[in-house]
1. Pop out the carbon and sulfur fraction of the accessible area of the stretch 117-230 as a percent, whole number, probe 1.4 Å.
2. For the chain, set up a Gaussian network in which alpha carbons nearer than 10 Å are linked by springs, and say which option among 75, 93, 152 fluctuates the most.
3. Taking the chain as a Gaussian network, Cα atoms linked when under 10 Å apart, which of 81, 186, 195 shows the biggest mean-square fluctuation?
4. Label the stretch 26-76 by shape, choosing from rounded, prolate and oblate, from the square roots a ≥ b ≥ c of the eigenvalues of the Cα gyration tensor; if a/c is under 1.5 it is rounded, and otherwise prolate applies when a/b is larger than b/c, oblate when it is not.
5. Quote the charge dipole size of the chain about the Cα centre in Debye, to the nearest 20; the model charges only the Cβ of Lys and Arg (+1) and of Asp and Glu (-1).
6. Answer rounded, prolate or oblate for the stretch 82-209, using the Cα gyration tensor with square roots of eigenvalues a ≥ b ≥ c: rounded when a/c is under 1.5, else prolate when a/b is larger than b/c, else oblate.
7. Given the peptides 52-63, 206-217, arrange them by the average over their residues of other C-beta atoms within 10 Å, most packed first.
8. Suppose every Lys and Arg Cβ carries +1 and every Asp and Glu Cβ carries -1, with no other charges. What dipole size does the stretch 34-168 come out with about its Cα centre, to the nearest 20 debye?
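The values are calculated or read from the model by the stated rules, or taken from the named source; none is laboratory data. All values derive from a computational prediction rather than experimental measurement. Glycine also receives a Cβ, built like all others from the backbone with ideal geometry; neighbour counts cover every protein chain displayed. Heads up: the accessible areas ignore ligands, DNA and RNA and are worked out on the full protein's heavy atoms, side chains in. Shrake-Rupley method; radii C 1.70, N 1.55, O 1.52, S 1.80 Å.
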Amino acid sequence: ARPSYVHRSTKPFDIETFERVPATYVTDQGETVPLDNFSYMQIWQRPGSGFHAFFTRYDYPAARTICYMSSQDGVTWSRWQRLAAMEAGHYQVSFVGRQKMGTAFNMHPADKGLNWRSNLYYVESSDGQTWTSVEQTPLEMPLTERDTPALVRDFIAEERLVYLKDLKYDQEDHPILLYLVSQSYQSGPQDPARQWMLSRWTGEQWEHSLVTESDNNYDMGELWLEAEDR
């Protein structure tokens, strides 16, 4: 219901003052219109390929539909590409690697409401046009079914909820996903403890490991790769 805006600092690497960017994007009908309604924007810049943005649009058609767009200059943006619109929608975390970009996301089961979020998915692209699973299985976007090659782990079957924290790529552009799992949508701190999990693609399979525990679904953290083995 409220407009969204894009700003940039008036000087590189300086956060003292900002100016509004007159950003536009291309609609499905080919019209160029103001970029003025988006949520949870995550913008990345990769040398030689411009800006890559992952964001949410409400009721597009899912309650929280996750999307992607790109731009060479940060002002003129491409047509929005819907990435996933399963049931009641998604939250996502994104990143760009050396040769690819990707996003990890959960989903809101239609019969549970927007407080609930479960399952873990991941998709990637080298050009922002075609998207695949981590095994390079081509995907038809947007994803609308729970059962898809993009599924990393079926937490619905485990009756656990998923709260996303971070996504990074290792030296070989393999994704590493950081997230928290819980048995309740209530934030905390009641038992049982929330578990921080890491899902890492080895090149052949997803490797899942426990990092630590905490007492709130919305505890936050960032993933840093200090060396190939650290």
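1. Carbon and sulfur together cover 43 percent of it.
2. 75
3. 186
4. Working: a/c = 2.36, a/b = 1.39, b/c = 1.71.
It is oblate, given that a/c is not under 1.5 and a/b is not larger than b/c.
5. Numbers: 21 positive and 33 negative charges, 132 e Å.
Dipole about the Cα centre, nearest 20: 640 debye.
6. Oblate shape, in that a/c is at least 1.5 and b/c is the bigger or equal ratio.
7. On the way: 52-63: 18.1, 206-217: 13.6.
Averaged packing, sorted descending, gives the order 52-63, 206-217.
8. Details: 14 positive and 15 negative charges, 78 e Å.
Here the stretch 34-168 has a charge dipole of around 380 debye.
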